[in-house]
Amino acid sequence: MRYRRRAARARRRMAAIVGAFLLGGAALALVPAQPLSFGAGGDQEEPSRTPAQTADTDDCGDWSQWGGSPARNNTPRCANIPAEWDVGGFDRKTGGWIAENAQNIQWVSRLGSQSYGNPVVADGRVYVGSNNGAGYLSRYPATVDLGCLLCFRESDGQFLWQHSSEKLPTGRVHDWPLQGICSTALVEGQRLWFVTSRGEVLCLDAEGFHDAENDGPYQDEPSQNQDEADVIWKLDMMKQLGVSQHNMCSCSVTVWGDILLVITGNGVDESHINIPAPDAPSFVAVDKNTSEVLWTDKSPGLNILHGQWSSPAAGELGGVAQALFPGGDGWLYSFRIDRGQNGQPELLWKFDCNPKDSKWILGGRGTRNNIIGSPVIYEGLVYVAVGQDPEHGEGIGHLWCIDPTKRGDVSAHLAVKASDPGQPLPHRRLQAIVPEDGEIAIDNPHSAAVWHYSQYDQNADGKIDFEETMHRSISTVAIQDDLLFVADFSGLFHCLDARTGKPHWTYDMLAAAWGSALIAADRVYIGDEDGDVSVFRLTSEGHEPLAEINMGNSVYSTPVVANNTLFIANKTHLFAIAIPENGGPER
């Protein structure tokens, strides 16, 4: 297995060399003067910092949304989380768990045949998105393809209830087969919100029908059995807002007060060229209690590159509550969080996360990228990486640190005509500047870029190696003690200085990472496509993993911790992992 992976990595290295030749170093040449950037090695002066104004998480309690809070930083306060475990075995015929050789496994629950949603834990229940491969409901056998939000009891993994989303009749252009629910739920008290594979924003009763009541104004559930979901309200973004999602809607919603923040998934059609609904909203603010749409924004419009599969973040930054929306055009947008004016929000700033000479080419052959990972707020700054649909393969990537207190177009560069540098060019979909037409990128005097990481000559040999490159990433960063961790889709795990962007070390996992890092106490956890979860020390010193534990099949999700228990979903099962109390027997 290692030999095959290394052979594949050698082929990818060759592709990276060819790509670097084609890029001609343009990504480095476009680095602005004022932000820090690491493209050719060398130390940089540390920037001034603003006080932290992000939501804190409680001492190792529940973990009730993606990233634990609207800041999206997956760093729970916890202790005694195991760095070693063994998942045991599985019966090949029945799929049942064999606990005989398991270590530190509290329980295992069956998911579907493909699982991309991340677990959340609240009030004694665990929720995770998957497909219908487990066939928990009698009216929907496992042969019926559904998007499923599954609810389990936290103490023992007992299945409680399921919300079922039937596939859209329009097929894979809107609702890709077998992918299930790819979003992560948000839970507050007895209410839960999530986005279905059909592009619906749903509010559910977190108890389901276990309270023997059909709560809320929505009364059209097809079944009120205890193993079914109790819907409070529904907002169908395709029908009510005219959205045309591409392949799926996978936004993990967040909330600020009573305002629910949602990315709609609006995207291209099956030709991958046309945008059938450019005037439909990309970003939406909804009253979490009533489903009233407070405001919408369509900024990406005709510049959407592919789909819009990211998730928003929120925080008080510079004294202003800001909603951070990664757009399908590769720009990060910030809006004031309020109820809007006449259905419109106030745009505070926007930032182009791609170099101006990058180009979008179908099938992932270009250098312009989407934003799929979520932005993260840490110590008053915003961090975000770029990438593409995993089916597009590997390519050059970028990681940015942004000052959210500036206003307007705060991109690192402006696209202009060389003959008229005082007039920025309009936003364009495929390529911001065409040098052959006399267009250039100039430093933006109002840039909010603090630093930019794409390539860095760590060994100072005058060359940029594969391991010295930030590749496309669909992951979200995690930051603690000024150490930033992010995985890229080429299988590299990067550790950087969050203040300066200088890389401390990289580790080659030899497999693509779909999920994101977890920092728990003094350890860092990251899963990969081969099913390995690597455990590192929280340190700036490069090192081999403390452990590399195989979960039995691919890990497409992100490990989370709640109530001093580690939860990891592989493609087909959810594991609760903890050190036994009072030195009890390990299972």
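Odds and ends about this structure:
- Listing Thr296, Thr75, Thr290 from fewest to most neighbouring C-beta atoms within 10 Å gives Thr290, Thr296, Thr75.
- Sorted peptide list for 512-521, 273-282, 136-145, 402-411, criterion being average Cβ within 10 angstrom, highest first: 512-521, 402-411, 273-282, 136-145
- Cβ crowding within 10 Å averaged over residues, with 446-457, 374-385, 152-163, 330-341 ranked highest first: 374-385, 446-457, 330-341, 152-163
- Cα gyration tensor shape of the stretch 530-578, rounded if a/c is under 1.5, else prolate or oblate by comparing a/b with b/c: oblate
- P(r) tail, the stretch 59-163: Cα-Cα pairs separated by more than 20 Å, 50% of all pairs.
- Considering all different alpha carbon pairs of the chain, the Kirkwood hydrodynamic radius works out to 24.0 Å.
- Amide H contacts for Phe90 (H built 1.01 Å from N in the peptide plane; partners 5 or more residues away or on another chain; cut-off under 5 Å): Ile98.
- Cα centroid of the stretch 261-284 to Cα centroid of the stretch 499-539, whole Å: 32
- Among the GluC sites (Glu not before Pro) in the stretch 434-515, none is located in a DSSP loop while being surrounded by at most 16 other Cβ atoms within 10 Å of its own Cβ.
- Antiparallel bridges, percent of DSSP beta bridges restricted to the stretch 2-583 (to nearest 5): 95
- Taken over the C-alpha atoms, the stretch 262-382 has Rg and Dmax values of 14.7, 44 angstrom.
- Shape analysis of the stretch 457-564 places it in the oblate category; the axes a ≥ b ≥ c from the Cα gyration tensor give an a/c of at least 1.5, with a/b not above b/c.
- Rounded to the nearest 500, the helix-only mean residue ellipticity at 222 nm of the chain stands at -1500 deg cm²/dmol, with each DSSP H run of n ≥ 4 adding -39,500 (n - 2.57).
Readers should treat all values here as calculations from the given coordinates under stated rules, not as data from a laboratory. Model, not experiment: these values are computed from the prediction. In this analysis, Cβ positions are derived from the backbone assuming ideal geometry, glycine residues included, and neighbour counts consider all displayed protein chains.
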